[in-house]
């Protein structure tokens, strides 16, 4: 993947593509997370195939793109008619395609503006959480990351219990799941060798083009309040 979907780290795709090419191997990258947030140049990246999900850059849901470098031949997705250059039969979603085309046009035109805004909102969120919550740390690369993604770990807090406390007031996802009393840490956090006491309290935030400072402040107040409430409850249990 071009950028990790959990922690936002931008991967060294160019380096990996060069390595693959030196061995005669075709290289595909999933750019669903990065499209519309950071520059994407297939020639500079050296990839043979690249995929994009429309809804990640404000296009309609249910439409995407598979870029195929000229001269690269892939197997048919399924048998049938000859749509999509003979690769995928079926009537094209024209409304979705037009919407995605327009979304890409807007994303390219305003990429710097949108990225700067998302980064400012993300950084404000990060700074507020770090200043108000002890025992909190940021996951992922501090610089080589998407402008909109923030992954934080709260020490010895169960993120799923925290999300239940927050409810639908803030849209968040957890980095660990609990099934039948067993905590399952995401493969990403395990690969980063983040210990369970931090990983089980991992939360992922995302900012967007329309995110406002007032929403950041509201989210911080809700999350900080929920963490403090959960910690107080834990102390009472002990």
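With a ≥ b ≥ c the root eigenvalues of the C-alpha gyration tensor of the stretch 13-109, is it rounded (a/c under 1.5), prolate (a/b larger than b/c) or oblate? It comes out oblate by the Cα gyration axes.
One decimal place: the segment residue 102-residue 160 gains 17.1 nm when fully extended, by the rule 0.36 nm per residue minus the C-alpha distance.
The Kirkwood radius of the chain, taken over pairs of alpha-carbon atoms, gives through the Stokes-Einstein law at 25 °C and 0.890 mPa s a diffusion coefficient of 123 µm² s⁻¹.
Output the 0 to 90 degree angle, nearest 10, between the alpha-carbon long axis of helix 111-132 and the longest principal axis computed from the alpha carbons of the chain. Roughly 20 degrees between the two axes. Suppose R0 equals 22 Å. What FRET efficiency, 1/(1 + (r/R0)^6) with r the Cβ-Cβ distance, do residue 215 and residue 137 give to the nearest 0.05? FRET efficiency, residue 215 to residue 137: 0.40. Sorting 156-165, 11-20 by average packing, meaning the other beta carbons within 10 Å per residue, from highest down gives 156-165, 11-20. With a Förster radius of 22 Å, plug the Cβ-Cβ distance of residue 49 and residue 173 into 1/(1 + (r/R0)^6) and report the FRET value to the nearest 0.05. The pair residue 49/residue 173 has a calculated efficiency of 0.20.
Look at where the Cα atoms of the stretch 45-107 and of the stretch 16-33 average out, and the two centres are 19 Å apart.
With angles folded into 0 to 90 degrees, how steeply does helix 94-109 sit against the dominant principal axis of the chain? Use alpha carbons for both and round to 10. Helix 94-109 and the main axis of the chain meet at about 70 degrees.
From most to least packed by mean Cβ count within 10 Å, the peptides 97-103, 70-76 give 97-103, 70-76.
The helix-only estimate of mean residue ellipticity at 222 nm for the chain, built from DSSP H runs of length n ≥ 4 each weighted as -39500 (n - 2.57), is -12000 deg cm²/dmol after division by the residue total.
Quick note: the coordinates plus some simple rules give every number you see, no bench work behind them. Note that the coordinates shown come from a computational prediction; the quantities given were computed from them, not determined experimentally. Positions of Cβ are backbone-derived with ideal geometry, glycine not excepted, and every protein chain shown enters the neighbour counts.
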